[in-house]
Amino acid sequence: MAIPICLAMVNNLPSHRLSCEKISAMLNPRATAAQIIYSVAHDGLNLDDAFERHLKQSEQASHSFIKAMCFGVMRFYPRLLFFLSKLIDKPIRNKEKLVECLLLAGIFEIYYMQTPSHACVSEAVKAGLDLKKNWAKGLINAVLRSALREQDSLQQIAKDNEGARAAHPKWLIRLFKKHWPTEYKAIIEANNQAGPFTLRVNLQKTTRENYLASLTSKGIKATPCPHSAAGLQCETAVEVNELPGFVGGLVSIQDQAAQLAANLLAPQSGERILDACAAPGGKTAHLLELGENINITAIDISEPRLQKVSENLDRLGLSAEIKQGDAQDPEKWWDQNKFDRILLDAPCSATGVIRRHPDIKLLRLPEDIENLVQTQAQMLSRLWPLLKTGGMLLYSTCSILAEENDQQIQQFIQNNQNAREQIISAEWGHARQHGRQILPGEDGMDGFYYTLIYKEA
Ligand SMILES: C[S@@+](CC[C@H](N)C(=O)[O-])C[C@H]1O[C@@H](n2cnc3c(N)ncnc32)[C@H](O)[C@@H]1O
């Protein structure tokens, strides 16, 4: 498996921000990176929350560098741990795991970033001092110098170790093999690359052609997405404020696979739509962009995430009824008026979007899958009575595991006599026993699953 060495490939940040040469930090950026990595690996924070907690300790100019380093360490964590195990005589003690995180960041910088090797070692030593780990000065120096010296042989032996080569937890590799015996290697490869920077043009305000022209005039290269009429895939990531008309709502950032939902549900003018797990509102907004006079009730259990729905809709000049609520307990928020269509974009293992959220490799546990399957089943059965006869429910996940997808739907259809699958015929994804599955990387897309279910009398 090819091991990417270009920094622009290990994160999805604009490449012009990736140089670390000009960084002079309040706290050495590698010290901040080590703390962020520690927060995910040992405190169970997700990467976004860890950035929120720690980034401010280092200078603004270093933030892109730190993010690139942390994304990369998450992406290759099992492989970096393997390298480290070959470079130290005995495991680092539990109470010194921050030093281990710094060493992983150091190895990542040497092997996958473009920093001159001598600087990787000396900066990691300085970062150790910033973290008040003076005792570890010799250790950091020795381990990273060995990492430099032994790079070729270590990369070679990593190829013979499946966990290190694939850079995924073993239980996930086992599940991918079980469900996708032919495709699992491509899935793993795709998960280890950063996803493309994809836009959804607001077709209520402009056309895709016009928007593409305005991108081109700004020197931003993009191509139309094959499966979404509103989608444009950019050659490289850019800051949102560099996107023409972003503030005025001409465009949003959304993967092409996620853009398929609104057209599949196909809301019609005057209809009442329920978006049952709506935050941060990407699909809610797209549904509203598809036509006039669409009434959406957007529910999510998370109040802070619902705030993002409001912000997104405000920017796009759209509106919906936004309510905090539990999709497993609609009696608490439902007004007893049935819906014409329901989107259930269910909480899931997110195994289809590991390339965008590599912290999943550290945070997700095997036992989570069974809990998620139960939650999804409960949501399906509790929301079904809210749909009118003749109405349509779109079930989607960003998972590639059958338990959460076609097996879940199989169970649902078995339990509900009035549920009939509406076959999705499309040029994307794989037809499953029920619904269609996109695997990560296919046509540039995230891994996604969709099924349409029609409600009979
Ligand atoms: C996959 S995300 C939804 C993404 C969203 N549809 C979009 O396109 O932007 C799943 C959402 O389900 C929400 N969620 C989790 N459990 C829930 C529950 N019991 N009831 C309602 N929402 C829930 C999470 O807060 C999360 O925002």
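In table form, for the structure just shown:
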read-out: Check on T397, hydroxyl-bearing (S, T, Y), on the phi < 0 side of the Ramachandran plot and surrounded by fewer than 17 Cβ atoms within 10 Å (Cβ to Cβ); value: no
read-out: Count of residues meeting criterion [over 18 Å from E404 (Cβ atoms) and either without any contact (Cβ under 8 Å) to a residue 40 or more places away in the chain or crowded, with 23+ Cβ neighbours inside 10 Å (or both)] in region 420-441; value: 4
read-out: Answer from K178, K159 - the residue that is touching a residue at least 12 places away in the same chain (Cβ under 8 Å) and exposed (fewer than 14 other Cβ atoms within 10 Å of the Cβ); value: K159
read-out: Matching option when the condition is modelled with pLDDT of 95 or more, crowded, with 17+ Cβ neighbours inside 10 Å and assigned by TED's automatic domain parsing to the domain that holds T389, among E303, E311, E321, E289; value: E289
read-out: Selected residue (criterion: farthest from the ligand (Cβ to nearest atom)) from residues of region 324-336 that are assigned to a helix (DSSP H, G or I) and surrounded by fewer than 15 Cβ atoms within 10 Å (Cβ to Cβ); value: E331
read-out: Verdict on L13 being part of a loop (DSSP other than H, G, I, E, B), more than 19 Å from A124 (Cβ to Cβ) and modelled with pLDDT of 95 or more; value: no
read-out: S62 of a type in the set (S, T, N, Q) and at pLDDT below 95; value: no
read-out: Residue list for region 315-373, filter: free of Cβ contacts under 8 Å to residues at least 12 places away in the same chain and over 26 Å from the mean Cα position of the chain (by Cα); value: E331, K332, D335, Q336
read-out: Subset of region 253-286 that is within 12 Å of N312 (Cβ to Cβ) and surrounded by fewer than 23 Cβ atoms within 10 Å (Cβ to Cβ) - its residue that is farthest from the ligand (Cβ to nearest atom); value: I253
read-out: Test: residue in region 337-355 that is within 12 Å of the ligand (Cβ to nearest atom), surrounded by fewer than 16 Cβ atoms within 10 Å (Cβ to Cβ) and assigned by TED's automatic domain parsing to the domain that holds L386; value: no
read-out: T284 in the same structural domain as A377 (by TED's automatic domain parsing) and of a type in the set (S, T, Y); value: yes
read-out: Members of region 301-314 found to be over 22 Å from the mean Cα position of the chain (by Cα) and within 8 Å of the ligand (Cβ to nearest atom), listed by number; value: none
read-out: Residue satisfying all of: in region 287-300; outside any loop (DSSP other than H, G, I, E, B) and over 20 Å from the mean Cα position of the chain (by Cα); nearest to the ligand (Cβ to nearest atom) among these; value: I299
read-out: Conditions (1) touching a residue at least 12 places away in the same chain (Cβ under 8 Å); (2) outside any helix (DSSP H, G or I); number of the one not met by I92; value: (1)
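The values are calculated or read from the model by the stated rules, or taken from the named source; none is laboratory data. From a predicted model like this one, the values you see are computed outputs, not experimental measurements. Don't worry about glycine lacking a Cβ; one is built from the backbone with ideal geometry, like all the others, and counts go over all protein chains shown.
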